[in-house]
Amino acid sequence: MDGAETAHRPVAVVLGGGGFIGRNICAALRAAGWAVTAVGRRAAHPPEGCRAVRLDFARTGTRDLAAGLADLRPGLVVNAAGALWDVTDDELTEGNVTLVERLVDAVAAQPGPVRLVHLGSAYEYGAHPGKRLVESLPARPAGRYARTKLAGTQLVTRAVTDGRVDATVLRIAVSAGPYAPRHSLLGGIARQLAAHPDTLRLPPIDGVRDVVDVRDVADAVLCAARADGPPPVVNIGSGVGVRLTDAVDELIRIAGPGTRGVRIVPAAPPAVRRDTGIGSQPLDIGLAHRAFGWSPARTVVDALQALWDSVRTAPGGGTAPLTTSAANEESIHG
């Protein structure tokens, strides 16, 4: 991307742009005509045509962050970073709260207008038996992951109320699709299947979840970037519940004939479950349609097919390259 081309395009900065959902957001923004910079605490590998910058927002001072953003001159900042897998409670706070606090301060210090789109989590709602999850429901997060995500959301919404930033929070359902992390349920199963195992090890699987294609999430970010005066919090999901066992069966079917003889055995559950205390109710996505004109365009089968395509054995051997930065992978995204 040369300077002349970039000068005539709106600029977007995506934190966590090398991770699962961030990578898909970068691709969507690039396709829509944005000049995209992917920012990560580790070396990122964003889609072709996107710039990569290494910067740790959770551990860099606000003044330096503000200056770094000013140098990039974005009209849009997307926070697709966060902490979940293989991290301590302190690291959850650092990745999901401290990072957001410093990002909000850095965006508020920009000399020109900047729209901030922060990715929250449907897990922030907690369990509301018998109720559809609408944005007006009180948040009752049970696990530490969900509580730190809610704290990040509240930092953004308070800054909006105080007039410090122009921002919206997208509360994302369980996401599936290309580049799903190996630590996620569906991403991990896809990688096992791609290795042609004799045995498929599955953790305990139960319950119903709202599952949305990550490319629909990326489209929602585009809609939020363009919206005039977006609501402070907007649900982004499929709006329907899917049995996790059905999703796994469908992924095995998509993987093809080579999986028919695979023996399925139970695997040990994770030592720490970040999805503690959530319910099975789907998200109400009516506000997203009214405020953004957004509705999901893809099915769960579409998402699983795209996931499989991203991990299956590539010509010449090996598997398609995937980013597995823990800082950019959240259970809500897979």
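The values are calculated or read from the model by the stated rules, or taken from the named source; none is laboratory data. All values derive from a computational prediction rather than experimental measurement. Glycine also receives a Cβ, built like all others from the backbone with ideal geometry; neighbour counts cover every protein chain displayed. Accessible surface is based on the protein model in full, side chains and every heavy atom, while ligands, DNA and RNA are left aside. Shrake-Rupley method; radii C 1.70, N 1.55, O 1.52, S 1.80 Å.
Values computed for the structure shown
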{"item": "Bridge type composition, the chain - antiparallel percent by DSSP, nearest 5", "result": "10 percent"}
{"item": "Relative contact order of the range 42-195, defined on C-alpha pairs under 8 angstrom at six or more residues apart (%)", "result": "22 percent"}
{"item": "The chain, dipole about Cα centre (Lys/Arg Cβ +1, Asp/Glu Cβ -1), debye to the nearest 20", "result": "200 debye"}
{"item": "Segment Val301-Val262, length gained on full extension (0.36 nm per residue, minus Cα span)", "result": "11.9 nm"}
{"item": "Net charge contributed by nearby residues that have their C-beta within less than 14 Å of Arg201 (K/R +1, D/E -1)", "result": "+2"}
{"item": "0 to 90° range, to nearest 10: angle between helix 244-255 axis and the chain longest Cα axis", "result": "80 degrees"}
{"item": "Burial order of peptide ranges 220-229, 147-156 (average beta-carbon count within 10 Å, highest first)", "result": "147-156, 220-229"}
{"item": "Cα-only Debye scattering, the range 135-189: base-10 log of I(q)/I(0) at q = 0.23 Å⁻¹", "result": "-0.98"}
{"item": "Residue-level accessible surface for Arg263, protein heavy atoms, 1.4 Å, Å²", "result": "140 Å²"}
{"item": "Rounded to whole Å, sorted largest first: equivalent-ellipsoid semi-axes of the chain, Cα gyration tensor", "result": "31, 23, 18"}
{"item": "Relative contact order %, the range 1-127, counting alpha carbon pairs below 8 Å whose residues are six or more apart", "result": "24 percent"}
{"item": "Cα centroid separation - the range 293-312 against the range 223-251, whole Å", "result": "12 Å"}
{"item": "Share of carbon and sulfur in the accessible heavy-atom surface of the chain [1.4 Å probe, %]", "result": "50 percent"}
{"item": "Surface accessible to a 1.4 Å probe, per residue, for the residues of the range 162-216, Å²", "result": "35 Å²"}
{"item": "Calculated SAXS-style log₁₀ I(q)/I(0) at q = 0.10, 0.21, 0.23 Å⁻¹ - the range 1-125, Debye, Cα scatterers", "result": "-0.29, -1.26, -1.47"}
{"item": "Between 0 and 90°, nearest 10: helix 62-72 axis offset from the chain longest Cα axis", "result": "90 degrees"}
{"item": "Paramagnetic reach from Arg144 in the range 119-135 [backbone N under 20 Å; point 7 Å along Cα→Cβ]", "result": "121-127"}
{"item": "Helix-only [θ]222 nm of the chain, DSSP H runs n ≥ 4, -39500 (n - 2.57) each, per residue, nearest 500", "result": "-10500 deg cm²/dmol"}
